[in-house]
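S.K.: Handing you a structure now.
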Amino acid sequence: RVFPGDPQGTVTERIAHFLGKRIIGDSDFLIDLHSSGSSTAIPPMIGYYSHDSDVGIASKAAAEIFGMPVLWGHPGISPGRTITEATYRGIPWLYTESLGGGSLHLEHARMYIRGVRNVMKHLGVLLGEIEVCETTHHLFGDGDLGKGARTDAGGYLLARVELLAKVKRGDVLGEVIGLGGELLDEIRAPKDGVVISMRSTPSVSAGDVVFSLTEEA
């Protein structure tokens, strides 16, 4: 996460600077398509800027039209992201996440295709009817998964909750066990909330974020 980059910096910083100035900066709308990575699971979702500015209003409207099972509104954005750059430049944006895990989920890919087409129709780029998708969860939070619940031990993670489960502060989210089956750590919810991400691979190391929570909108 190096935006806005630096035209005189490292290769990565130069690429970020070019993308921010020449691609994002020349855009009317940004859609950044993600999956949640090889070791983390996130439910199929669309993230948007939850703010009363013109950028926020346009972002939320497009999120509803994109159509995903989960909408996640962010009142603020952590530094260095493409969407941070878009916000700075006054450009509405969306981003997606899905289960990831190093696999291609065709159903989720089809959701992305349908959603991008819906937004393009909404913006007048394409003609045609918008395809409606039911939203089952509307969530709210800063979107920083690095602030999630961590384990203090390395071992094998046994999750005791599922994605989008509602939990209370102190609820057991998972356990880390050793090779002999002994309990090494018990991960508890640091607050009330909804499970928005969790570790998808069972092998964990001390200090790893294994669960992240957010709030209902």
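The values are calculated or read from the model by the stated rules, or taken from the named source; none is laboratory data. Since the model is a prediction, treat every value here as computed from it, not as a measurement. So basically every Cβ, Gly included, is an ideal-geometry build from the backbone, and we count neighbours across all protein chains shown.
S.K.: Quick one: is residue 185 part of a loop (DSSP other than H, G, I, E, B) and of a type in the set (D, E, K, R)? Talk me through it step by step, then tell me what you get.
M.R.: Working: part of a loop (DSSP other than H, G, I, E, B): no; of a type in the set (D, E, K, R): yes.
No.
S.K.: Counting only residues that are assigned to a loop (DSSP other than H, G, I, E, B) and in contact with a Gly (Cβ under 9 Å, 6 or more places away or on another chain), which one in the stretch 188-198 is surrounded by the most Cβ atoms within 10 Å (Cβ to Cβ)?
M.R.: Initial filter on the stretch 188-198 (assigned to a loop (DSSP other than H, G, I, E, B)): 189-192.
Filter once more, so that each one left must be in contact with a Gly (Cβ under 9 Å, 6 or more places away or on another chain): 189-190.
Numbers: 189: 19, 190: 16.
Looking at residues that are assigned to a loop (DSSP other than H, G, I, E, B) and in contact with a Gly (Cβ under 9 Å, 6 or more places away or on another chain), I get 189.
For (1) closer than 23 Å to residue 149 by Cβ; (2) surrounded by fewer than 16 Cβ atoms within 10 Å (Cβ to Cβ), each residue gets a yes or a no:
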{"position": "2", "(1), (2)": "no, no"}
{"position": "6", "(1), (2)": "no, yes"}
{"position": "9", "(1), (2)": "no, yes"}
{"position": "12", "(1), (2)": "no, yes"}
{"position": "16", "(1), (2)": "no, no"}
{"position": "49", "(1), (2)": "no, no"}
{"position": "62", "(1), (2)": "no, no"}
{"position": "73", "(1), (2)": "yes, no"}
{"position": "76", "(1), (2)": "yes, yes"}
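S.K.: In the stretch 188-217, how many residues are within 13 Å of the chain's Cα centre (by Cα) and on the phi > 0 side of the Ramachandran plot?
M.R.: Selection size over the stretch 188-217: 0.
S.K.: Take the residues of the stretch 105-126 that are out of contact with any Leu (no Cβ under 6 Å at 6 or more places or on another chain) and assigned to a loop (DSSP other than H, G, I, E, B): which is surrounded by the fewest Cβ atoms within 10 Å (Cβ to Cβ)?
M.R.: Here the residue is 124.
S.K.: So, residue 85, is that one in contact with a helix residue (DSSP H, G or I) (Cβ under 7 Å, 6 or more places away or on another chain), within 25 Å of residue 27 (Cβ to Cβ), among the acidic types (Asp, Glu) and buried (at least 17 other Cβ atoms within 10 Å of the Cβ) or not? Walk me through it before giving the result.
M.R.: Working: in contact with a helix residue (DSSP H, G or I) (Cβ under 7 Å, 6 or more places away or on another chain): yes; within 25 Å of residue 27 (Cβ to Cβ): yes; among the acidic types (Asp, Glu): yes; buried (at least 17 other Cβ atoms within 10 Å of the Cβ): yes.
Spelling it out, residue 85 is indeed in contact with a helix residue (DSSP H, G or I) (Cβ under 7 Å, 6 or more places away or on another chain), within 25 Å of residue 27 (Cβ to Cβ), among the acidic types (Asp, Glu) and buried (at least 17 other Cβ atoms within 10 Å of the Cβ).
S.K.: Quick check on residue 180: is it at pLDDT below 95, under 18 Å from the mean Cα position of the chain (by Cα) and not basic (Lys, Arg)?
M.R.: Values: at pLDDT below 95: yes; under 18 Å from the mean Cα position of the chain (by Cα): no; not basic (Lys, Arg): yes.
For residue 180, the condition - at pLDDT below 95, under 18 Å from the mean Cα position of the chain (by Cα) and not basic (Lys, Arg) - is not met.
S.K.: Right, another one. Looking at the stretch 12-31, can you tell me whether even one residue there is under 14 Å from the mean Cα position of the chain (by Cα) and under 27 Å from residue 70 (Cβ atoms)?
M.R.: Of the residues in the stretch 12-31, the ones under 14 Å from the mean Cα position of the chain (by Cα) are 31.
The next check asks that each one be under 27 Å from residue 70 (Cβ atoms); those that pass are 31.
There is at least one residue in the stretch 12-31 that is under 14 Å from the mean Cα position of the chain (by Cα) and under 27 Å from residue 70 (Cβ atoms).
S.K.: A further question follows. Considering every residue within the stretch 139-148, establish whether at least one is in contact (Cβ under 8 Å) with a residue 12 or more places away in the chain, touching a helix residue (DSSP H, G or I) at 6+ places or on another chain (Cβ under 6 Å) and in a helix (DSSP H, G or I).
M.R.: Just the residues of the stretch 139-148 that are in contact (Cβ under 8 Å) with a residue 12 or more places away in the chain, to begin with: 139-148.
Checking the rest, the ones that are also touching a helix residue (DSSP H, G or I) at 6+ places or on another chain (Cβ under 6 Å) come to none.
The answer is no, given that none of the residues of the stretch 139-148 is in contact (Cβ under 8 Å) with a residue 12 or more places away in the chain, touching a helix residue (DSSP H, G or I) at 6+ places or on another chain (Cβ under 6 Å) and in a helix (DSSP H, G or I).
S.K.: When the residues of the stretch 152-171 are narrowed to those that are within 15 Å of residue 209 (Cα to Cα) and either in a strand (DSSP E or B) or of a type in the set (Asp, Glu) (or both), which ends up nearest to the chain's Cα centre (by Cα)?
M.R.: Per the stated criteria, the residue is 159.
S.K.: I'd like to know if the stretch 199-211 contains one or more residues that are touching a helix residue (DSSP H, G or I) at 6+ places or on another chain (Cβ under 6 Å), surrounded by 19 or more Cβ atoms within 10 Å (Cβ to Cβ), of a type in the set (S, T, N, Q) and within 26 Å of residue 94 (Cβ to Cβ).
M.R.: no
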